[in-house]
Amino acid sequence: LARNPGEQEFHQAVHEVFDSLEPVLRKNPQYVDAAVLGRLCEPERQIIFRVPWVDDAGQVQINRGFRVEYNSALGPYKGGLRFHPSVYLGIIKFLGFEQVFKNALTGMPIGGGKGGSDFDPRGRSDGEVMRFCQSFMTELYRHIGEHTDVPAGDIGVGGREIGYLFGHYKRITNRYESGVLTGKGLTWGGSLVRTEATGYGTVLFAERMLATKGESFDGRRVLVSGTGNVAQYAIQKAQQLGAHVVGCSDSTGYVVDEAGIDLALLQQTREVDRLPVSVYAERRGGAATFVPGRRVWEVGADIALPCATQNELDEDDAAALVRSGLVAVAEGANMPTTPKAAALLQDAGVLYAPGKAANAGGVATSALEMQQNASRDSWSFDYTEQRLAGIMHSIHDRCLATADEYDSPGNYVVGANVAGFTKVADAMLALGVV
Ligand code: NDP
């Protein structure tokens, strides 16, 4: 890690996985002999490029683009693109590293990668977003392909951005290669359930985890952070299962709505009008309150679903949640819980599902989208959702069984890290030193 100074999130993600591996390495010295850990600390390929574009005022803007093709032992690189001003190499590498194990846990033939840019789509016109996406793809197209590397969305990259990216890829390659990107629109190669998949999958994982203690979402008080793609559909599925979702947030603050979040109003405000969550509270009249600049966790809940960004639930937040009677946390976001907060939750006996297991439904459904593209088929909503539920249940059960096998019953962190690692490590051994 000394070779990667200043990449704090990357170091955090590597420690989080490697801390679980000691018993695995003791049992399997072949992983040590073949330097699997050392190889896993070095992405197979890292691409950094200039993204020049012209804004609505005619000014030239310069952003930095990234694609980290992390590991392809199990299949083509697969992982989203993030457009957010905080993006730098350390964030993309942490996300790529996590993605390798997450994708292994899905049981599907996909390797791990991640990309993005420090471009901030907020406040930009449609035309500006399109010109940025076209410039980004003008370089990215050389590196991707359905058998090579298949990007998707992440923070700041939704259906609109995937459309502009796919349109430009098609134009400059003269190929209608549906399998090159996932998260596409339904009329041009997308899959039903992909939009909902990460949020739904997180809740389905949590439901199965709660069931191990005879618990469920029914009648439970739930908090969700974020109000983006993952958060919206986590709220929807939790509500379908009878939960009372009383708070959600964005980067400006949170809303508390004791009558239960009105999802249609939230989606109109955040998704359609692209306005901050404070406007949801205004539109809701007296039912909801907006609290600026604070985190939603202080409201207290039975179940917490962090669905915004990394390191958004710290030790103080975890302590406040535990005091309020918290039963379970399932991570829709990647690495949202700080290491100290995760330890505190586990010590307090809270059921804790790490993101690489709980939010794997998004990428798993992306792999289902690739299957549909390859066979030029499209599946129904119900069938695709059944497939998603089956995948989430099997990830859950594998994490639990692996945790048992390594003397850490009920520890989903150990289960996810060890099950993901052994799958990738075995493939790397079989493929030789490459
Ligand atoms: P979106 O861009 O749709 O939504 C992100 C949400 O998080 C917004 O409400 C945003 O608020 C908030 N947010 C972003 N950055 C911060 C910050 N620094 N502090 C507080 N709030 C913030 O992204 P997604 O819903 O797609 O992604 C959310 C998380 O889920 C990420 O960690 C992502 O990596 C992970 N994930 C996503 C998958 C997917 O399929 N989309 C798959 C697996 C994981 P604002 O608009 O104000 O910035």
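The values are calculated or read from the model by the stated rules, or taken from the named source; none is laboratory data. As the structure is a computational prediction, the values presented were derived from the model and not from experiment. In this analysis, Cβ positions are derived from the backbone assuming ideal geometry, glycine residues included, and neighbour counts consider all displayed protein chains.
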inquiry  = With the structure loaded, tell me whether SER394 is within 16 Å of the ligand (Cβ to nearest atom), closer than 30 Å to GLY190 by Cα and in contact (Cβ under 8 Å) with a residue 40 or more places away in the chain or whether it fails that test.
reply    = no
request  = Just give me the residues in the stretch 185-220 being basic (Lys, Arg) and either touching a Leu at 6+ places or on another chain (Cβ under 7 Å) or surrounded by fewer than 23 Cβ atoms within 10 Å (Cβ to Cβ) (or both), in sequence order.
outcome  = ARG208, LYS213, ARG220
remark   = Of the residues in the stretch 151-181, those that are closer than 18 Å to VAL272 by Cα, part of a loop (DSSP other than H, G, I, E, B) and among the hydrophobic types (A, V, I, L, M, F, W, C) come to ILE155
request  = For the stretch 101-108, state whether one or more residues are within 29 Å of PHE421 (Cβ to Cβ), of a type in the set (Phe, Trp, Tyr), touching a residue at least 60 places away in the same chain (Cβ under 8 Å) and assigned by TED's automatic domain parsing to the domain that holds VAL54.
outcome  = yes
query = Would you pick out the residues in the stretch 277-290 that are outside any helix (DSSP H, G or I), crowded, with 18+ Cβ neighbours inside 10 Å and either within 11 Å of the ligand (Cβ to nearest atom) or not aromatic (Phe, Trp, Tyr) (or both)?
reply = ARG284, ALA288
ask   = Does the stretch 12-37 hold any residues that are part of a helix (DSSP H, G or I) and in contact (Cβ under 8 Å) with a residue 60 or more places away in the chain, and which are they?
value = GLN12, ALA13, VAL14, HIS15, GLU16, VAL17, PRO23, VAL24, GLN30, TYR31, VAL36
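Find the helices (runs of 4 or more DSSP H) located wholly in the stretch 306-403 whose residues include 3 or more that are within 16 Å of GLY107 (Cβ to Cβ), and list them.
The helices (runs of 4 or more DSSP H) meeting that bar are 355-358, 361-374.
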request  = Pick out, from the stretch 182-257, the strands (runs of 3 or more DSSP E) lying fully within it that include 2 or more residues that are more than 11 Å from the ligand (Cβ to nearest atom), farther than 27 Å from ASN411 by Cα and over 18 Å from the mean Cα position of the chain (by Cα).
outcome  = 244-250, 253-257
request  = Give the residues of the stretch 38-90 that are away from the ligand (no atom under 16 Å from the Cβ), assigned to a strand (DSSP E or B) and surrounded by 15 or more Cβ atoms within 10 Å (Cβ to Cβ), sorted by residue number.
outcome  = GLN46, ILE47, PHE49, VAL51, TRP53, GLN61, ASN63, ARG64, GLY65, GLU69, ASN71
ask   = Taking the condition among the hydrophobic types (A, V, I, L, M, F, W, C), in the same structural domain as GLY127 (by TED's automatic domain parsing) and over 21 Å from GLN371 (Cα atoms), does ILE162 pass?
value = no
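The rows are residues; the columns are (1) touching a strand residue (DSSP E or B) at 6+ places or on another chain (Cβ under 9 Å); (2) surrounded by 19 or more Cβ atoms within 10 Å (Cβ to Cβ).
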{"position": "MET335", "(1), (2)": "no, yes"}
{"position": "ALA342", "(1), (2)": "yes, yes"}
{"position": "GLY349", "(1), (2)": "no, no"}
{"position": "ASP382", "(1), (2)": "no, no"}
task = Report whether or not ALA360 is among the small types (Gly, Ala, Ser), in contact with a strand residue (DSSP E or B) (Cβ under 7 Å, 6 or more places away or on another chain) and within 23 Å of GLU215 (Cβ to Cβ).
result = no
ask   = Is at least one residue of the stretch 148-159 over 22 Å from the mean Cα position of the chain (by Cα) and in the same structural domain as GLY75 (by TED's automatic domain parsing)?
value = no
message = Yes or no: the stretch 162-170 includes at least one residue that is away from the ligand (no atom under 15 Å from the Cβ), of a type in the set (D, E, K, R) and crowded, with 16+ Cβ neighbours inside 10 Å.
response = yes
remark   = Scanning the stretch 130-161 for residues that are within 13 Å of the ligand (Cβ to nearest atom) and either on the phi < 0 side of the Ramachandran plot or without any contact (Cβ under 8 Å) to a residue 24 or more places away in the chain (or both) gives PRO151, ALA152, GLY153, ASP154, ILE155, VAL157, GLY158, GLY159, ARG160, GLU161
ask   = Looking at the stretch 93-110, which of its residues are away from the ligand (no atom under 11 Å from the Cβ) and closer than 20 Å to ILE48 by Cβ?
value = LYS93, GLY96, PHE97, VAL100
query = Taking only pairs six or more apart or across chains, which ones have beta-carbon atoms under 6 Å, a first residue in the stretch 179-190 that is of a type in the set (Lys, Arg), and a second residue that is in a loop (DSSP other than H, G, I, E, B) and surrounded by 14 or more Cβ atoms within 10 Å (Cβ to Cβ)?
reply = LYS184/GLY190
